[in-house]
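The next block holds one structure in the form of structure tokens; read it before the comments.
Every number here is computed from the coordinates shown, using simple stated rules; none is lab data. Keep in mind the model is a prediction, meaning the values are calculated, not measured. Positions of Cβ are backbone-derived with ideal geometry, glycine not excepted, and every protein chain shown enters the neighbour counts.
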Amino acid sequence: MKPSPLPVVTVTLNPAIDQTVVVDGMTLGEVHRASSVQSNAGGKGVNVASCLADWSVPVIATGILGGGNPGPFEALFSAKTIRDLFVRVPGETRTNIKIADPTRNETTDINLPGPVADDAALERVKAVLNETVSPDSLVVLAGSLPAGLPDETLARLSAALRGRGARVVLDTSGAPLKAALSAPAENLPFCVKPNQHELEEWAGKPLPRREDLLAAAAALQASGIAVVVVSLGAEGALFVTKDQVLKGRSEPVETLSTVGAGDAMVAGLVAAFRDDAPLEDVARLSIAFAAAKLGRIGPHLPDAEEVQRLARAVVVTELPAGRDLKQQA
Ligand SMILES: Nc1ncnc2c1ncn2[C@@H]1O[C@H](COP(=O)(O)OP(=O)(O)OP(=O)(O)O)[C@@H](O)[C@H]1O
Ligand SMILES: O=P(O)(O)OC[C@@]1(O)O[C@H](CO)[C@@H](O)[C@@H]1O
């Protein structure tokens, strides 16, 4: 199938420079010697853009960037030919600390607050979107909001983009996620990718069993979202549409850092949506992108052959779809 020639647009309103410290056997309250430290441009939409560029998808990256320290972002965008339409504001983009423990396959995130944003900065981002988004564009709205912007910011952007005919893929958390998912059906995103914790926040209750997760995902889908993807860390992910429910899981892979695995997954979803791929291929590609990223620090994919090999190795299982699941929500 011929992929859409339109560039994908990613929006990151609260990007970050990720400082990843590798510590074997991390224990709270103890003294550790780091085996390495690495710094890279990050934030959810930036990571999605970076993985898409590795997959040779044309990408525009926008959002709000501190004008005081744009170097790592500009270097990434230039190295990967990502069109940089970030709005620069006074101040410095935040630094987030990531403690990666390879012996436990675990990463601990300490995300710091970034510069305060205002309406003027958001208006400039909207102007970029007005210029770059056309009907049939795929737009990724990802990550948290900077202080200064209301919780409804992503809900409003999603509604406006949908009004222009774009397909919105949303990956956020907490109050901004709740606000975006409470919108009227005609304003909802095309796809949302909560992890288990984010889905529980939306549902307002713990979802301990697979049936609970499936029921909540099906209820979310039925509210008017074409594709609901629930990522479950090492357990893989659930993919729910009106007609189908799939569970996918990658072959075991070596893990250096889980930071950005969800963003790589979103990039894989978008890459597959661009090709209007069937749901099984959406599941294979998105799980392969996530698995491919795990062996690296930073939002990078290996060559396309390796990603395709991982996609073929993804185990996809069809689960029963239908009203029963929604009734349990
Ligand atoms: N330890 C792991 N082993 C194998 N696959 C993993 C592991 N962690 C993550 N993945 C893969 O990455 C996908 C996304 O991971 P996860 O559910 O942790 O997303 P997330 O919470 O949004 O992550 P983040 O916000 O750190 O990017 C999973 O669905 C799975 O396919
Ligand atoms: O604070 P947010 O915006 O929710 O998440 C930010 C962040 O943890 O997300 C990416 C990993 O998904 C990292 O690059 C970045 O540090």
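If the elastic network links every pair of Cα atoms under 10 Å, which of ALA215, ALA100, ALA304 fluctuates the most in the Gaussian network model of the chain? Between ALA215, ALA100, ALA304, it is ALA304 that shows the largest mean-square fluctuation.
Each Cα pair under 8 Å and six or more residues apart adds its separation to the average, and for the chain the resulting relative contact order is 17 percent. Highest mean packing comes first when the peptides 270-277, 18-25, 199-206 are listed by Cβ atoms within 10 Å, giving 270-277, 18-25, 199-206. Multiplying the residue separation of LYS242 and GLU318 by 0.36 nm and removing their Cα-Cα distance gives an extension gain of 26.0 nm.
Cα-based values for the range 8-327, radius of gyration first and Dmax second, are 18.5, 54 Å.
Do any of LYS80/LYS247; LYS80/LYS193; LYS242/LYS293; LYS44/LYS293 go past 23 Å between their Cα atoms, and which? Walk me through the numbers on the way to the answer.
On the way: LYS80/LYS247 32 Å; LYS80/LYS193 25 Å; LYS242/LYS293 29 Å; LYS44/LYS293 14 Å.
Cα-Cα > 23 Å for LYS80/LYS247; LYS80/LYS193; LYS242/LYS293; rest within.
Ranked by the mean number of other Cβ atoms within 10 Å per residue, highest first, peptides 293-300, 187-194 order as 187-194, 293-300. Placing pseudo-labels 7 Å out from each Cα toward the beta carbon at ARG309 and THR95 gives an inter-label distance of 3.7 nm. Roughly how many nanometres apart are two label points built 7 Å out from the Cα toward the Cβ at HIS32 and ARG88? For HIS32 paired with ARG88, the spin-label model returns 3.6 nm. Farthest towards the positive end of the charge dipole of the chain, among the residues VAL128, TRP202, SER50, is the Cα of VAL128, using unit charges on the Cβ of Lys, Arg, Asp and Glu. Model label points for GLU131 and ASN105, set 7 angstrom from Cα along the Cα-to-Cβ axis, are 4.6 nm apart. Considering only VAL230, PRO189, GLY25, and ranking their Cα positions along the charge dipole of the chain that arises from unit charges at the beta-carbon of Lys, Arg, Asp and Glu, the one farthest toward the positive end is PRO189.
Take every Cα-Cα pair in the range 91-165 and report what % of them are more than 22 Å apart.
Cα-Cα pairs of the range 91-165 separated by over 22 Å account for 42 percent.
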